[in-house]
Structures are given as structure tokens and as C-alpha cells.
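Inspection log for the structure reproduced underneath, given as C-alpha cells.
The values are calculated or read from the model by the stated rules, or taken from the named source; none is laboratory data. Computed from a predicted model, the values in this text were never measured in an experiment. Cβ sites come from the backbone with ideal geometry, for glycine too, and all protein chains shown count toward neighbours. Ligands, DNA and RNA are stripped out before the accessible areas are found, and what is left, the full protein with its side chains, is counted by its heavy atoms. Shrake-Rupley method; radii C 1.70, N 1.55, O 1.52, S 1.80 Å.
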Amino acid sequence: MAKKPRIVIIGAGMAGLTAANKLYTSTGSDHLFELVVVEGGDRIGGRINTSEFCGDRIEMGATWIHGIGGSPVHQIAREIHALESDKPWECMDGFSGEPKTIAEGGFELNASIVDPISTLFKNLMDFAQGKLTEDSAGSGGDACYYNFAAKAALKDCTSNGGFGNQSVGAFLRRGLGAYWDSCKDREELNGYGKWSRKLLEEAVFAMHENTQRTYTSAGDLFNLDYEAESEYRMFPGEEITISKGYLSIIEHLASVLPPGVIQLGRKVTRIEWQLEGHKSIQVPNGYDSRPVKIEFCDGSFMLADHVIVTVSLGVLKSGTGQDSGMFNPPLPPFKTEAISRLGYGVVNKLFLQWSPNGNRPANDKEKFPSLQMVFHPPESELRHEKIPGWMRRTASLSPIYNNSSVLLSWFAGKEALELETLSDEEIINGVSATVSGLLPVSKHKKEDKYNSREFCNGNVESCDDNGVRFGKVLKSKWGSDPLFLGSYSYVAVGSSGADLDTMAEPLPKLGSTDSDHHPLQILFAGEATHRTHYSTTHGAYFSGLREANRLLKHYRCVGI
């Protein structure tokens, strides 16, 4: 009797389990394929990791359903009733309400300062993402006023040789410069200490840039490719979180698989495949004709006809370098060059327990506000010396839902990596110093003193034993986790959307001599293999479906 084709899926995250679910349910049973999912960690989910903190359900990794219109993740969540819960969860009331924007030194900024810069930044990003064009932008009123800067930035870029190797960061800064050029000779601000209007506007703009860094995982927006930004696609509708946790989606996908299909603690160290010609692989009982050999860290191995690799782009970058041998023979240049060019960043979340009264719950007047944080630039002599650099590149500190005692900040790039190295005490001290340096100055104190602040809701708090208090700390560590080595991908300057397509190409390359005899030995899935939905869970989902369907089509199965 001929052996059933063995399909091994590496990684039990969204892409891997979607592929496994599709392969298993499309055949109706395990009669056609022998299916195995190997996972290097001790849990399923990958970069989805639902947890709890201080009684609230939180997400250490993937958090949002990015648009509910057409999202497969939203459809699954709705079908399994994961959008309903009696227990509080992160962002249960959507994005935080009206935030308070506080500038370093204790100055709450009013809407007349914040709103124009926020509108400018949004319009610039809408231009970069293709949501607005010179033709579709408003021709009058406020729309014209704010779109002028974006149009000027577009003109500046095109007059300097087009957008080849242009970055989103450069475009944004050109837009800010054009905005300033369009509104010269304005009155200077009063009541903001040594902050000038221009410094405040630039600091608010930088705050939005820091938020964008966490959206994209690009530690520096000057590394984010401009042309590819317009290829990225969002689903329409609101962005929501999942009441019962993102892990409920993963568990649903895995629930159809028989016991033993998912094998935890099987970290892959090497994948041997047949690039040219084919030779049988020697095994203890003779030889096996399966073309791919997967070796694990415990010295064991497994043979397969097809392997779907769903590891992160960070792991691929680490495993395809000159000194590493994850693949034997090495991946062909067209594949390794795409892996090298694409960007892959680190985004981490920091959760803190806010406890202004020790163990006694805070009353309504003591609730922590949703803060947008505005800081002096690195070269400024006005910077509060106790606010650490890693806090200066985060944009917000907010309760995870209205009235929650759990606060959340997002970090990207080198600050996200630094956060992973800090002790809980260092984090608490750094956040406390930051909050103390941002709270409005007491009317009875000089502006250059930081030992007493008037809290945003009017209460006077000191920064000693009776002042700003944070209890427990929880942080993600995606950058240092060897199974991920980062968070999600982006299209870096020097790469393009075509590199994402290249990531998805199977090996041996279709049309090569060996592909006629042993095709589809290695297939690739994961968010970094989807051209328009990279960096998202639904992008990973789509990629898992794509590779499962590729194999189903190869075996002429019904249900694609």
C-alpha cells in the first residue's frame, strides 16, 4: 500500500493552525494526508498570547481585529460567541476616550494646539496609504488647509526623483515643514513656560510618529518604505478586541484536529530538502523516499513530503544568515534576498497596576486619565533628567478600559528591546518619574520644581510615599524570545511588496526540473508572506489558507 503524503506544519500559530484546519476539514478525515503540526514552544498561538493581569483579560501579543467588515477573524469570533464576556477585558470599550495631552513640565495642551497637528498627521498618513490623493483631497475649508501640507510634501518628493527609496518618515517631516511654511508669522503661545509654539507642534507631531511606530513595528519611520505603504489594506468598520481573548480563535481552529496532531516542545533546528535531483534518505530501518528531513533540538527527526514553514520573519532572518544552517541546502538567493530586505521590528506592551491608595480601590476622582505624552526633543536642555529615554519614545499611558486600574503603554524599536532588559523596579521608577514630570504644576510651586504636582483631575499628589504608586508590572518580550525574535513585518526602504510575494513562493521553484518529481517540498506561510495584509493576524490566516489550498489543488482535492 502506498504511503499517505505526510504534511508537516512548523508552528502552531494563526497561519499554521489555519492551514492544518483547512487540510483536515477539507478531506473530511485523515485518510488522504498524514498531518503533523510541530511547535517549538509549550503552547499554541504563536504571537497570539491571551493572559490575565490583576483580574483583567489582556493580550500579550495580537490585540485588535483591524476592521470587522470582511475580516475572517471577526467572522470566527462571532460564530463561536467570543465577542461576549461577563469578565472585563483589554479595550472592552474600544479606543480610550478623549485623552489628556500633557507636555513635559506639567502643561495640559488644549485642542487648539493638538487638533491641527493631529489632523495634519492623519492627512499625511492618508496620503501615504493611498486613502487620499491630490485629486480626491478636499478643495476648500479645513480639508484644503490641512491637505496643503500633504500636497506640498508630495510635490517635494516627486520633484526630487519620485518616491524611489523614499521613506514614510521623510514624507511626514516634509509635510510638517510645508505646514509651517504655510502658516508663518503666527502669534506666540502664552502659558506654556519655555515651550514655543513650534516646539510644541513638533513634539505633538513626534508623539503621533511614536504611535505610528507601534502600528508598523518600524523602529524608525525613516526605514518604512513610502511606495509600499499604499499597498497595505485595512478592512472597513470599527476596530475591536475579542472579549474572550484572541486565543479563543486559535483554540477553535485547533479543536477539529485529532489528539497527537499538534506536538509541543518540538523546536526545529534544521530542514533538509532536495534542490537538485532526489535521493532516498537513510533511516534506521532502511531508506525512505520522502524528500524532506526535519531535525529537532533533541536529536530526533521526521521525514515529510511537504513542509509548511510558518516561523516568523525574524526567525528566518536568523536562520538564513551566513553562520546559520536552518535550511540544507541553503535557500536560493531570490528567497534569502527578500528575507534580508524586508523589515521586521519589535513592539512590546507594558502593563502596570495603578494603586494611588495602596490596597484601597480608587474613587472616581482618583481614576488614572488617558494620557498622551509630549516630550522635549533629545537635545533640549529643558528635559526632565529623571524621565528615562525609553519612556520618551512612547506616546501614551492609559487604562486598558474605562475605570480600569491596569495601565498600558506601547513601545517599539530599540526602546522595546531596552524594556525587556529592565527590572520591575526600574520600570516602576521610570514610569513614576515620567508621570511626575508630566502632571500639571501646582499653582503654589515654581515651574522648575517636580516634587509636587496637581493631578490632572485636580487632586494634589506628591511624588513621595503618598504620591504616584504603581504595583505589579507585566511586559511582553517578543524581541528576545528565540521562537519569534520580534513582533511583525513591514516593508523597509530598499524592499517592496514584490518581496512579500517572493516570501510566499514554494520550493523547489515551480518549473524547475526537480519540482516535476518532488514539488512543493517547502511552502511558506505567515503574516510576512501576504502582500497586502502583512503584520496582521488575518494576513497570517489568509496565508495559511493559501498554502493549504495549494496542496489541496496539487492533490486535486475538493473544497478549495
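Listed here are the residues, each with its yes/no results for (1) part of a loop (DSSP other than H, G, I, E, B); (2) modelled with pLDDT of 95 or more.
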site	(1), (2)
GLY193	yes, no
GLU202	no, yes
GLU209	no, yes
GLU227	no, no
MET234	yes, no
GLU238	yes, no
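Here's the yes/no breakdown for (1) assigned to a strand (DSSP E or B); (2) at pLDDT below 75; (3) within 30 Å of ALA128 (Cβ to Cβ); (4) not charged (D, E, K, R):
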residue: GLY437; (1), (2), (3), (4): no, no, no, yes
residue: GLU461; (1), (2), (3), (4): yes, yes, no, no
residue: LEU485; (1), (2), (3), (4): no, no, yes, yes
residue: SER489; (1), (2), (3), (4): yes, no, yes, yes
residue: ASP499; (1), (2), (3), (4): no, no, yes, no
Would you check which residues across the range 82-104 are more than 30 Å from ALA170 (Cβ to Cβ), touching a Leu at 6+ places or on another chain (Cβ under 8 Å) and assigned to a loop (DSSP other than H, G, I, E, B) and list them? GLU90
Those residues of the range 175-208 which are surrounded by 21 or more Cβ atoms within 10 Å (Cβ to Cβ) and within 16 Å of GLN129 (Cα to Cα) amount to GLY175
Identity of the residue in the range 279-300, more than 33 Å from the chain's Cα centre (by Cα) and at pLDDT 80 or above, that ends up surrounded by the most Cβ atoms within 10 Å (Cβ to Cβ): PRO291
Regarding the range 524-539, can at least one residue be identified that is at pLDDT below 95 and under 20 Å from GLY70 (Cα atoms)? no
Over the range 381-419, the set of residues farther than 15 Å from LYS475 by Cα and without any contact (Cβ under 8 Å) to a residue 60 or more places away in the chain is GLU381, GLU385, PRO388, GLY389, ARG392, ASN403
Which number in (1) free of Cβ contacts under 8 Å to residues at least 24 places away in the same chain; (2) over 26 Å from LYS367 (Cα atoms) marks the one condition that ALA111 misses? (2)
Go through (1) at pLDDT 95 or above; (2) outside any strand (DSSP E or B) one by one and return the number of the condition GLU276 breaks. (1)
Say whether the condition of being more than 30 Å from GLN372 (Cβ to Cβ), in contact (Cβ under 8 Å) with a residue 12 or more places away in the chain and more than 22 Å from the chain's Cα centre (by Cα) is met by at least one residue in the range 84-104. yes
Hits in the range 37-61 (condition: among the aliphatic types (A, V, I, L, M) and open to solvent by less than 10 Å² (accessible area, probe 1.4 Å)): VAL37, VAL38, ILE48, ILE58
Here the residues within the range 209-244 that are open to solvent by less than 70 Å² (accessible area, probe 1.4 Å) and hydroxyl-bearing (Ser, Thr, Tyr) are THR211, THR214, THR216, SER217, TYR226, SER230, TYR232, THR241, SER243
Quick one: which of LEU257, LEU247 is within 19 Å of SER51 (Cβ to Cβ), modelled with pLDDT of 95 or more and either in the same structural domain as HIS518 (by the TED database) or surrounded by 13 or more Cβ atoms within 10 Å (Cβ to Cβ) (or both)? LEU247
